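Visitor: Dumping the structure here so I can ask a few things about it.
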């Protein structure tokens, strides 16, 4: 029996020793992802985790010291093309190796002087223009040459300028007599050695010469952009049913006219073509009626069509300018039905023949949200009243309803930390702590995201906050940076707002979080972000810090950090309400 016992002990001890010998460090590279396509960079970050955290770690030969939780982030040199990243970890007994391949874009280099190639940059495959429009063309080729372009085999030649080595640009102003009908652009380049090269752009240039204007109608709510592409900025938010004249096309985007000289771009997919002969959307403003509902003042303006609009807000006192494009002023009477309206003065102005502006002055000093909508063709402007704040020592936020938005979702998780925690999951943990704190302070809370809504668009979050009559909107996020940047040089927290209602709240939260967190302050930003711009109640987006740094990932997962953020948000809203108490 003793012999059997000794044998079992020896066997277990052997397994233990074997485990020590053959157990390898657990090593993961989180970013960059396998086969990721990166822009041209000479260096960038690599991050992931290793266990045990005391392991010796090298990435492409560079020594890396893991953080105490095993997470690591380091900058290493990158090379263009197919690039190999090799991480090697050793615990002194065994070794783990992880490799990753990424694709780094080539650096932009001038063509060689003997190059026989021309690379077309612009125009794209299809452009529709009008008289007096400017057409921009561009190509790349051998540097120190002479370039020009033309439209037809026998057409005129137009010069181009070499703006940087091998990059040539030119412009052409569409003339009244031009009759381009799917015409191509032909580029010509005379190299420094005298050799001539040419290439067709394979473009379709059309000059619109319509005696009957072309109109489209929005088939859904859409964003009017400042240029022909999703990379351009938001201009206006337009409602379904708005009718606009088409003045040009560029690829998948359509240029539309709001009024004299005021244009923008819409994705073709959001539009419905109207039959030839469709008249423009023109309305005459008639009498305005103003009444109140629970917590709001409602302005009604009968029109003949749904029109594009723009809202500008000002504070102290709170004043709104509502501009309607395609409306001519003829408002003689304004009927104030209710005595408790917040509108104390209203008048109109018309600087341009095709745009009408209502100036609305309220008895509030601060904005608390608005909505522009249509019932048929009747314009409805709803202005939210200042909330009935029932401040007390035990419940300083009683009477308020606050929307807390945990940024991102399961399917669109944002950034990720070295230990593999997604931004969506971290944001949700912090948002739930904020929810609990706000409720303890007496507020009602609307959570836009509970972790199960996927997909869940930005507009859906904004719509939910308005529908639930939220007085304030706070969006919680965690930050990162682009490839090529050193996170340790740019890390920090930041606070973002767009509309005037969010600026003061952003200032207060920034000051308090900076003092209590000790994280580097990257400032208060007026940012053209959807959840800042499209929300009309006081709203902010809060980036609590860089999740891709292992020390911050560990910190954001801790209860004490989440509680600290929750207290900062709660106390900032209390202070915000105190400063706007009579507003």
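Please treat every number below as a calculation from the coordinates, not as lab data. Not measured: the values here are computed from a predicted model. Cβ atoms come from the backbone with ideal geometry, glycine included; neighbour counts cover every protein chain shown.
Visitor: How do 565, 490 line up, fewest other C-beta atoms within 10 Å first?
Guide: The order, fewest Cβ neighbours first, is 490, 565.
Visitor: Here's a follow-up. Pull up the DSSP beta bridges for region 350-449 and report the antiparallel fraction as a percent, rounded to 5.
Guide: Approximately 65 percent, going by the DSSP bridge assignments.
Visitor: Going by Cα centres, region 239-293 and region 118-164 are how many Å apart?
Guide: Cα centres, region 239-293 to region 118-164: 32 Å.
Visitor: Further question: Hey, if you drop one equal point scatterer on each alpha-carbon of region 25-104 and run the Debye formula without solvent, what base-10 log of I(q)/I(0) do you get at q = 0.10, 0.11, 0.12, 0.15 Å⁻¹?
Guide: -0.22, -0.26, -0.31, -0.47
Visitor: Continuing with this model, one more query. Where in region 134-153 does the label zone of residue 40 land, with the point 7 angstrom along Cα→C-beta and an amide N cut-off under 20 Å?
Guide: Flagged as within label range: 138-145.
Visitor: Here's something else I'd like to know. State the extension gain, in nm to one decimal, for the chain segment bounded by residue 459 and residue 69, taking 0.36 nm per residue of separation less the distance between their alpha-carbons.
Guide: 136.7 nm
Visitor: What's the percent breakdown of Cα-Cα distances in the chain across 20 Å bins, shortest bin first?
Guide: 16, 37, 34, 11, 2, 0
Visitor: Then there's this: So, in nm, how far is label residue 152 from label residue 559 when the simple model puts each one 7 Å beyond its Cα toward the Cβ?
Guide: Each label point is offset 7 Å from its Cα along the Cβ direction, giving 8.0 nm.
Visitor: Once you have the Kirkwood Rh of region 119-207 from its Cα pairs, apply Stokes-Einstein at 10 °C and 1.306 mPa s and quote D in µm²/s.
Guide: 121 µm²/s
Visitor: Report the FRET efficiency, 1/(1 + (r/R0)^6), for residue 330 and residue 489, where r is their Cβ-Cβ distance and R0 is 60 Å, rounded to 0.05.
Guide: Once the sixth-power term is evaluated, E becomes 0.50.
Visitor: What is the distance in Å between the Cα centres of region 473-510 and region 410-457?
Guide: About 16 Å separates the Cα centre of region 473-510 from the one of region 410-457.
Visitor: Restricting to region 283-384, what percent of DSSP beta bridges are antiparallel, rounded to 5?
Guide: If we restrict to bridges inside region 283-384, about 90 percent are antiparallel.
Visitor: Ranking 314, 180 by Cβ neighbours within 10 Å, fewest first, what do you get?
Guide: Ascending Cβ contact count within 10 Å gives the list 314, 180.
Visitor: Could I ask something else about it? In nm, to one decimal, how far is the modelled label at residue 375 from the one at residue 393, with both set 7 Å along Cα→Cβ?
Guide: Calculated label separation equals 4.7 nm.
Visitor: Nearest 500 deg cm²/dmol is fine: what mean residue ellipticity at 222 nm does the chain get from its DSSP H runs of n ≥ 4 alone, each adding -39,500 (n - 2.57), divided by its residue count?
Guide: Calculated mean residue ellipticity at 222 nm is -5500 deg cm²/dmol.
Visitor: Antiparallel versus total DSSP beta bridges in the chain: what percent is that, nearest 5?
Guide: Details: 122 of 152 bridges.
Here the share of antiparallel DSSP bridges comes out near 80 percent.
Visitor: Could you list 458, 218 in order of exposure, starting from the residue whose Cβ has the fewest other Cβ atoms within 10 Å?
Guide: Fewest-to-most ranking of 458, 218: 458, 218.
Visitor: Region 215-273: Rg/Rh from Cα coordinates, Kirkwood Rh?
Guide: Rounded to two decimals, Rg over Rh is 0.90.
Visitor: Also: Quantify how much of the Cα-Cα distance distribution of region 460-583 extends past 22 Å, in percent. Don't skip to the answer; put the middle values down first.
Guide: On the way: 2777 of 7626 pairs.
That tail contains 36 percent of the Cα-Cα pairs.
Visitor: Using a Förster distance of 35 Å, how high is the FRET efficiency between residue 315 and residue 132, based on the Cβ-Cβ distance and rounded to 0.05?
Guide: Given R0 = 35 Å and the Cβ-Cβ separation, E is 0.30.
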